[in-house]
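Trainee: Before I ask anything, let me first share the structure, which is written out below as structure tokens.
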Amino acid sequence: MTIKPVVKISERKLIVKDRTILTGVPDNVIATSGSASGPVEGMFLGAAFEEENYKQVIRLGTLREVRFMACFRFKLWWMAQKMGDQGREIPLETQFLLVETKDGTHLESDDGNEENQIVYTVFLPLIEGSFRACLQGNVNDELELCLESGDNDTKASSFQHPLFIYAGTDPFLTIQEAVKAVKLHLKTFRQRHEKKLPAIVDYFGWCTWDAFYQDVTQEGVESGLDSLSAGGIPPKFVIIDDGWQSVSGDPREEDTSNQENKPSPLLRLTGIKENSKFQKKDDPTVGIKNIVNIAKEKHGLLYVYVWHAITGYWGGVRPGVKEMEEYDSSLKYPMLTKGVVENEPTWKNDAIAVQGVGVVNPRKVYKFYNELHSYLASAGIDGVKVDVQCLLETLGAGFGGRVELTRQYHQALDASVARNFSDNGCIACMSHNTDALYCSKQTAVVRGSDDFYPRDPTSHTIHIAAVAYNSVFLGEFMQPDWDMFHSLHPAGEYHASARAISGGPVYVSDAPGKHNFELLKKLVLPDGSILRARLPGRPTKDCLFTDPARDGVSLLKIWNMNKYSGVLGVYNCQGAAWNSVERKNTFHQTGSEALTGAIRARDVHLIAEAATDPDWNGDCVVYCYRTGEVVILPYNASLPVSLKVLEHEIFTVTPIKVVAPGFSFAPLGLINMLNAGGAIDGLEYQLKDGTFKVSMEAKGCGKFGAYSSAQPKRVIVDSIDVEFEYDSSSGLVKFNLDSMPEEGKKHVVVVE
């Protein structure tokens, strides 16, 4: 049983299950029960002001001596994590706040008594009318709610439901139920499990970005596909990133004096169709369909996606271009919220800020998307990566504000994707604002963090930490995509292992000829499919409030689930983080020696769901990927892990089934793959004629492993007896699945 603590304000304190979270709550803060939106234990906070304004700040009370984890925007486009225990440490532009009360314990009691468990409180700043809310702290340790419309003419003085607060003793369930309560209240978005995931998530892919950047050509695309296929790792989808569209800068003025000091013109979209690089030389009318045909017919790809900005291109749609007149675009200059400018001061000099954006009239934006997408779909394109999404919040002036403009664009985008791409082919990118999240009804995949930067050594540990913590929040709305990476890179395996347990798509941006095929074979099966975990990868419960990028002592543990096992990734992410003084990512002093932490089987939060036995006692087998060791971990027992910066380890965690007195079994999966347990699709235990049989359905091919407390009599694969190895000291059984099963089928494996 999970207790649902009551959230209330009493004697100017915010109290959750008799534990004080905020003190000195001001009198103008209005509390409304969450139960009006359905049967939920939660509370909305709002406030009334004397004057209408386009920006209002509500003081909520003082926050001290409780640990928190905040997801905040350190850039206009992207969130990262920040931990602390007092109000002043809560960053500007915080969109998600999880607070832990200090009394209570993580350890679960044997008798199921939850009275002494830690209580987790979720703060969700919301959308109300034309206003979007975010949290921030001030120097007096007060938590503040900042509400903005993004349009000086869109004003309000009273807010009833701009912040939702919810609490519980299971952090992941508490967050899920809080977002569900908000969904029932707003009725403007759907949760991840209610959306259709595009099929690319179950296949290996290649993206052109880090291979070519904007210099991509159709010859370059073909060489990349050739190169991967030749190494036995066939991609099944490609994302043709920025560089395929018809764009140009604004016309230069006649005055040629001082031209060398003028900034490069910001490129804007000038046509729906591809540029000359993607036209067939002997028949330009074939257009982008040519490379789509090559990809699918010659290389066996199943899906081709292309990139575009939500505004068409970085600089929008160029006004005054004859082919684009029907979209009625006009030049607008971004108006950024103070929080974004303070967190990302370089934005003031960005070309988009200086040269403006050609904004398609919101009344014409469905026509724009539909004509773009229907052209692409007619060429065989299956989906789009829609980038630069947070730009919309800066362009709301004259359109009723940021929330209204975002809503109109997203409704149009959803409708066009639904009409033109039957597999819900859409990836949201540079989209980490709540304006977009709280109107997301259809898009099911969202980029989880700032980019993979192959040439920025500060970025790699930061990337893994950010995607994991951002997924705690983003994963309630969509499946986070942990981004492309380079397989041939000093941090290649570090990134690859994280993608393997992320639950999201796995794709590289290798330049042609620059691949680590040995690494890719740990991720990709010979048919181009992957062993994808079932949920968004997230930090373990005991990592939610530690700071594995900054504190110098903590390792980051990430958990996920397969059908009959769990998976744990452990990472040393210390040494670099967003610097609140310099307002950018920087290295900081950290020790070069290894840090030591510990894993428990129950770090996989839902490991009990993988047990086939309703009376399972909590014991698990753990398989260590790097060492090949098999360890039996009783419930609550721990296994030490030591890692240096940029080192990692992956553990497959499987509940042990006691088949008979003195005999137990636990399947591990394809132990040469990073997510070994993802290979097991069926599991059944039978007693027949005095013989115990374990029947499994397995995907893929390679070395299959299982734990058995006694040596098996025989192992049968697809009705044929196969040789196996058995290590009596560890209980590890190993045998080969020599080939891929027939298409649409699984291997049937029987261990007697």
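Trainee: Ordering F692, F665 by how much accessible area each has at a 1.4 Å probe, largest first, what is the list?
Mentor: Working: F692 65, F665 0 Å².
Solvent-accessible surface, decreasing: F692, F665.
Trainee: Something else: Given an 8 Å cut-off on Cα distances and at least 6 residues of separation, report the relative contact order of the chain as a percent.
Mentor: 10
Trainee: Using a probe of 1.4 angstrom, how much of the accessible area of the chain is carbon and sulfur, in percent? Don't jump to the answer; show the numbers that get you there.
Mentor: Details: 13410 of 28310 Å².
About 47 percent, which is the carbon plus sulfur part of the accessible surface.
Trainee: Could you give the dipole magnitude of the chain about its Cα centre, charging the beta-carbon of Lys and Arg +1 and that of Asp and Glu -1, in debye to the nearest 20? If you can, show how the numbers build up before the last one.
Mentor: Working: 77 positive and 96 negative charges, 145 e Å.
The calculation lands at about 700 debye.
Trainee: Sorted by mean Cβ packing within 10 Å, highest first, what order do the peptides 173-179, 701-707, 208-214, 613-619 take? Write out the running numbers ahead of the final one.
Mentor: Details: 173-179: 21.1, 701-707: 22.7, 208-214: 19.4, 613-619: 12.7.
Descending mean neighbour count gives 701-707, 173-179, 208-214, 613-619.
Trainee: Could you work out how much longer the chain between V553 and D18 gets when fully extended? Use 0.36 nm per residue separation minus the Cα distance between them, nm to one decimal. Intermediate values should be presented prior to the final figure.
Mentor: Working: separation 535, 0.36 × 535 = 192.60 nm, distance 3.21 nm.
Between V553 and D18, full extension yields 189.4 nm more.
Trainee: Taking 0.36 nm per intervening residue step and subtracting the Cα-Cα distance, what contour gain separates A31 from K745 on full extension?
Mentor: Details: separation 714, 0.36 × 714 = 257.04 nm, distance 5.57 nm.
Additional length available on full extension: 251.5 nm.
Trainee: Give the shape of the chain as rounded, prolate or oblate, defined through the alpha-carbon gyration tensor: a ≥ b ≥ c are the square roots of its eigenvalues, a/c under 1.5 means rounded, and otherwise the shape is prolate if a/b is larger than b/c and oblate if not.
Mentor: In terms of gyration-tensor shape, oblate.
Trainee: If you plug each phi of the range 41-51 into the Karplus form 6.51 cos²θ - 1.76 cosθ + 1.60 with θ = phi - 60°, what whole-Hz ³J(HN,Hα) values come out, in order, with x for Gly and Pro?
Mentor: Rounded to whole hertz, the list is 9, x, 8, 9, 10, x, 6, 10, 10, 6, 10.
Trainee: So what's the net charge close to V386: Lys and Arg +1, Asp and Glu -1, counting the other residues with Cβ under 11 Å from its Cβ?
Mentor: Working: positive: K385, R447; negative: D387, D414.
Its environment carries a net charge of 0.
Trainee: Whole-Hz ³J(HN,Hα) for each residue in the range 568-585, computed from phi via Karplus 6.51 cos²θ - 1.76 cosθ + 1.60 with θ = phi - 60°, x for glycine and proline: what do you get?
Mentor: These are the phi-based 3J(HN,Hα) values: 10, x, 10, 9, 9, 10, 6, x, 8, 6, 5, 9, 6, 8, 7, 6, 7, 6 Hz.
Trainee: Same structure, new question: Per-residue accessible area for I671 at 1.4 Å probe radius, Å² rounded to 10?
Mentor: Only protein atoms counted, so the area is about 10 Å².
Trainee: Once label points are set 7 Å from the Cα along Cα→Cβ at both T596 and S374, what is their separation, rounded to one decimal in nm?
Mentor: Calculated label separation equals 6.7 nm.
Trainee: At 7 Å along Cα-to-Cβ for each site, give me the label-to-label distance between K180 and N617 in nm.
Mentor: 3.3
Trainee: Work out from phi, with θ = phi - 60° and the Karplus expression 6.51 cos²θ - 1.76 cosθ + 1.60, the ³J(HN,Hα) of each residue of the range 287-297, listed in order in whole Hz, and give x for Gly and Pro.
Mentor: For the range 287-297, the Karplus curve yields x, 5, 4, 4, 6, 5, 4, 4, 4, 7, 7 Hz.
Trainee: Using a basic spin-label model with each label point 7 Å from the Cα along Cα→Cβ, how many nm lie between K296 and M335?
Mentor: Placing both labels 7 Å beyond Cα along the Cβ direction yields 4.5 nm.
Trainee: To continue, here is another question. How high is the FRET efficiency between Q160 and S730 when r is their beta carbon distance and R₀ equals 56 Å, given to the nearest 0.05?
Mentor: Details: r = 61 Å, r/R0 = 1.08.
Efficiency for this residue pair is about 0.40.
Trainee: Excluding S227 itself, calculate the net charge of residues whose Cβ lies under 12 Å from the Cβ of S227, where each Lys or Arg counts +1 and each Asp or Glu counts -1.
Mentor: On the way: positive: K514; negative: E222, D226, D510.
Net charge in that neighbourhood comes out at -2.
The values are calculated or read from the model by the stated rules, or taken from the named source; none is laboratory data. Bear in mind the structure is a predicted one, so any value in this text is a computation, not a measurement. Positions of Cβ are generated from backbone atoms using ideal geometry, with glycine treated the same way; all protein chains shown enter the neighbour counts. Note: accessible area is taken over every heavy atom of the protein model, side chains too, but ligands, DNA and RNA are not part of it. Shrake-Rupley method; radii C 1.70, N 1.55, O 1.52, S 1.80 Å.
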